[in-house]
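A short write-up of the structure that comes next.
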Amino acid sequence: MNILILGSGGREHAFAWKLHQSPKLKKLFVAPGNAGTAEIAKNISVGVNDFEAIKAFVLTEGIDMVVVGPEDPLVNGVHDIFLKDDEISHVPVIGPQKAAAALEGSKQFAKEFMFRHQIPTAAYESFTSENLEKGFAFLETLKPPYVLKADGLAAGKGVLILNDLQEAKDELKSMLVDAKFGSAGATVVIEEFLSGIELSVFVLTDGKGYKVLPTAKDYKRIGEGDTGLNTGGMGAISPVPFADKEFMDKVHERVVKPTVEGLKIDNLPYKGFVFIGLIKVGDDPFVIEYNVRMGDPETEVVIPRITNDLVEVFQAVANQTLDTIDLQIDERSATTIMTVSGGYPGPYEKGKVITGLDHISDSLIFHAGTTTNGQGSVVTNGGRVLAVTSYGTEFKEALGKSYQNVEKIKFEGINFRTDIGFDL
Ligand code: AMP
Ligand code: GLY
């Protein structure tokens, strides 16, 4: 198999690392990739949304499968483009078609889906600039904090949680009338606030059957104790200790099954990962959001715990034979710590030389924002730079190893959270 992965983060490096171990793999390419993927695959300088260039590459290199990392190309319909084009329609794409990718591309679509299929989620209403006054009135019926969500993709910044009613009204107006989040905020979903602890459940489906993958919890805020600005994710732990059998049975019955059934009932073609963002309210699961891809950095702890041949698993997704796969999960915990550039998630500099990578023992390094400079050194090339993943019999042991190795990595401005798992 010749496989092309789309994306350039830690998630894509973790996919590449796992696919690379398969005897079924012949050639592996990553578009555009990073310095980590370059060590085990060939990076090609093609953007994830450049569908013309992707098609041309698939044809010249004889690519047999495309694995899509980020949501953007999925929401833009990369899978549909392959299916509609006779020259490449034989090449399976791992990731849902456009209609189903709207589960992430539109919050309103996702909420309607959940209500239609009786999947537990926060009460909501949605508004446009046409009915701004109704939005104000709805806010007045709610108790603080107020949850405002831009309907469309807003690079993880489109959700506002506000304590003050007037501030919530002002923000609603600035989203709907002043286009604070551009067209992504032309519709705003206002939700009831749910109070609880969050976790993520990942499902892989071939459109017929499905496998529930290990749970994970990520740490989104930049600051210790979950404070400060939101980031893409500063670390993750799998499995989630509080997601015990009783709770997971509820997740399965109330959320996973109706989600996969709902996709079928609604004719939403899905061959790929469903990332279900959950909140545990009391003892009950509620869905906060769907993503139509794996999480990052959750992939860096979930994929290392899957012991199957990932090429075989993806082939089964493509052929709709996932029911024949016996998913094997490593019992150990896995944790990852994300090292980030100084200043991130605000402005930061790139091109800082990274040292210490050859002193790592007992951890896996997944590159996120890295590249190589003219002198052949690995340098920083993004906000999130390197994820350090370790195994342990329980998560604290794994964390200990990750932190020991994080200390060996040096680059100017390096930052990381020292308290991943503090709340568990
Ligand atoms: P989302 O992009 O929908 O995942 O929202 C981003 C974050 O906002 C989530 O990870 C939660 O921490 C928080 N959030 C979203 N919706 C709610 C809600 N209804 N109640 C409480 N917190 C929420
Ligand atoms: N870590 C959260 C995400 O990938 O969306």
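Can you say whether ALA318 is in contact with a Pro (Cβ under 6 Å, 6 or more places away or on another chain), open to solvent by less than 50 Å² (accessible area, probe 1.4 Å), outside any strand (DSSP E or B) and of a type outside the set (Phe, Trp, Tyr), as far as the supplied structure shows? Before you say what the answer is, go through the steps one by one.
Numbers: in contact with a Pro (Cβ under 6 Å, 6 or more places away or on another chain): yes; open to solvent by less than 50 Å² (accessible area, probe 1.4 Å): yes; outside any strand (DSSP E or B): yes; of a type outside the set (Phe, Trp, Tyr): yes.
Answer is yes for this residue.
Quick one: which helices (runs of 4 or more DSSP H) sit completely within region 1-114 and have at least 2 residues that are under 22 Å from LEU322 (Cα atoms)?
Details: elements: 10-20, 37-40, 51-61, 71-75, 78-84, 98-105.
Where helices (runs of 4 or more DSSP H) fall fully within region 1-114 and carry at least 2 residues being under 22 Å from LEU322 (Cα atoms), they are 10-20, 78-84, 98-105.
Could you tell me whether VAL240 is within 16 Å of ligand 1 (Cβ to nearest atom), part of a loop (DSSP other than H, G, I, E, B) and open to solvent by less than 20 Å² (accessible area, probe 1.4 Å)? Step through it out loud before you land on a result.
Values: within 16 Å of ligand 1 (Cβ to nearest atom): yes; part of a loop (DSSP other than H, G, I, E, B): yes; open to solvent by less than 20 Å² (accessible area, probe 1.4 Å): yes.
Against the criterion (within 16 Å of ligand 1 (Cβ to nearest atom), part of a loop (DSSP other than H, G, I, E, B) and open to solvent by less than 20 Å² (accessible area, probe 1.4 Å)), VAL240 qualifies.
Could we say that GLY207 is under 18 Å from PRO70 (Cα atoms), small (Gly, Ala, Ser), under 21 Å from the mean Cα position of the chain (by Cα) and modelled with pLDDT of 95 or more here? Give the steps one after another, and end with the answer.
Working: under 18 Å from PRO70 (Cα atoms): no; small (Gly, Ala, Ser): yes; under 21 Å from the mean Cα position of the chain (by Cα): yes; modelled with pLDDT of 95 or more: yes.
Here the answer is no, as GLY207 does not meet what is asked.
Return the only residue of SER195, SER183, SER200, SER238 being without any contact (Cβ under 8 Å) to a residue 40 or more places away in the chain and small (Gly, Ala, Ser). Steps first, answer last, please.
Working: SER195 fails: without any contact (Cβ under 8 Å) to a residue 40 or more places away in the chain; SER200 fails: without any contact (Cβ under 8 Å) to a residue 40 or more places away in the chain; SER238 fails: without any contact (Cβ under 8 Å) to a residue 40 or more places away in the chain.
After applying the criteria, what remains is SER183.
Take region 376-408 and flag every residue that is assigned to a strand (DSSP E or B) and under 24 Å from GLU39 (Cα atoms).
Filtering region 376-408 down to residues assigned to a strand (DSSP E or B) leaves 378-380, 384-392.
If the condition is that a residue be assigned to a strand (DSSP E or B) and under 24 Å from GLU39 (Cα atoms), then VAL378, VAL379, THR380, ARG384, VAL385, LEU386, ALA387, VAL388, THR389, SER390, TYR391 are the ones that fit.
Consider region 144-174. How many of its residues are surrounded by 15 or more Cβ atoms within 10 Å (Cβ to Cβ), within 16 Å of ligand 1 (Cβ to nearest atom) and outside any strand (DSSP E or B)?
8
With the condition kept exactly as written, say whether any residue in region 127-143 is in a loop (DSSP other than H, G, I, E, B), of a type in the set (Lys, Arg) and open to solvent by 20 Å² or more (accessible area, probe 1.4 Å). I'd like the intermediate steps shown before the answer.
Initially, region 127-143 is screened for residues in a loop (DSSP other than H, G, I, E, B), giving 142-143.
Among the residues that remain, those that are also of a type in the set (Lys, Arg) are: 143.
Subset that is open to solvent by 20 Å² or more (accessible area, probe 1.4 Å): 143.
Yes, that holds for at least one residue.
Applying the selection to region 205-227, what residues are in a strand (DSSP E or B) and within 16 Å of ligand 2 (Cβ to nearest atom)?
Applying the first criterion (in a strand (DSSP E or B)) to region 205-227 yields 205, 210-212, 216-218, 221-223, 227.
Passing the criteria: ALA216, LYS217, ASP218, ARG221, ILE222.
Which ones in region 109-126 are within 12 Å of ligand 1 (Cβ to nearest atom) and surrounded by fewer than 20 Cβ atoms within 10 Å (Cβ to Cβ)?
Within region 109-126, PRO120, ALA122, ALA123, TYR124 meet the criteria.
Return the residues of region 194-204 that are away from ligand 2 (no atom under 13 Å from the Cβ) and open to solvent by 10 Å² or more (accessible area, probe 1.4 Å); say none if nothing qualifies.
LEU194, SER195, GLY196, ILE197
Tell me, which residue of region 266-291 that is crowded, with 23+ Cβ neighbours inside 10 Å and part of a loop (DSSP other than H, G, I, E, B) is farthest from ligand 1 (Cβ to nearest atom)?
Filtering first and then ranking leaves LYS271.
When you scan region 243-265, do you find a residue that is closer than 30 Å to GLY383 by Cβ and either buried (at least 22 other Cβ atoms within 10 Å of the Cβ) or touching a residue at least 40 places away in the same chain (Cβ under 8 Å) (or both), even just one? Before the answer, list the steps.
Applying the first criterion (closer than 30 Å to GLY383 by Cβ) to region 243-265 yields 243.
Those left that are additionally either buried (at least 22 other Cβ atoms within 10 Å of the Cβ) or touching a residue at least 40 places away in the same chain (Cβ under 8 Å) (or both): 243.
Yes, that holds for at least one residue.
Mind listing whichever residues of region 89-108 are within 20 Å of GLY156 (Cβ to Cβ), open to solvent by 30 Å² or more (accessible area, probe 1.4 Å) and more than 16 Å from ligand 2 (Cβ to nearest atom)?
Let us first name the residues in region 89-108 that are within 20 Å of GLY156 (Cβ to Cβ), namely 95-96, 101-108.
With the extra rule that they be open to solvent by 30 Å² or more (accessible area, probe 1.4 Å), the set shrinks to 107-108.
Across region 89-108, the qualifying residue is only GLN108.
Of the residues LEU28, LEU6, LEU19, which is of a type in the set (A, V, I, L, M), within 17 Å of GLY369 (Cα to Cα) and open to solvent by less than 20 Å² (accessible area, probe 1.4 Å)?
Details: LEU28 fails: within 17 Å of GLY369 (Cα to Cα); LEU19 fails: within 17 Å of GLY369 (Cα to Cα).
Answer to the selection: LEU6.
How many residues are closer than 17 Å to ALA35 by Cα, open to solvent by 40 Å² or more (accessible area, probe 1.4 Å) and assigned to a loop (DSSP other than H, G, I, E, B) when one looks only at region 362-375?
3
For ALA154, only one of the following conditions fails: (1) touching a strand residue (DSSP E or B) at 6+ places or on another chain (Cβ under 9 Å); (2) among the hydrophobic types (A, V, I, L, M, F, W, C); (3) at pLDDT below 95; (4) within 16 Å of ligand 2 (Cβ to nearest atom). What is its number?
Every listed condition holds for ALA154 apart from (1).
For the structure I just gave you, tell me whether THR128 is more than 25 Å from the chain's Cα centre (by Cα), without any contact (Cβ under 8 Å) to a residue 12 or more places away in the chain and under 30 Å from PRO258 (Cβ atoms). Break it down stepwise before answering.
Details: more than 25 Å from the chain's Cα centre (by Cα): yes; without any contact (Cβ under 8 Å) to a residue 12 or more places away in the chain: no; under 30 Å from PRO258 (Cβ atoms): yes.
The answer is no for THR128.
Could you give every pair whose Cβ atoms fall below 9 Å, whose first residue belongs to region 82-103 and is under 12 Å from ASP64 (Cα atoms), and whose second residue is outside any loop (DSSP other than H, G, I, E, B) and small (Gly, Ala, Ser), counting only separations of at least 6 or pairs across chains?
So the pair list comes out as PRO92/ALA318; VAL93/GLY272; VAL93/ALA318; ILE94/GLY272; ILE94/ALA318.
The values are calculated or read from the model by the stated rules, or taken from the named source; none is laboratory data. Quick caveat, the model's predicted, so the values are computed rather than measured. For neighbour counting, all protein chains shown are included, and Cβ atoms are generated from backbone atoms with ideal geometry for every residue, glycine included. Ligands, DNA and RNA are excluded from the accessible area calculation, which covers all protein heavy atoms including side chains. Shrake-Rupley method; radii C 1.70, N 1.55, O 1.52, S 1.80 Å.
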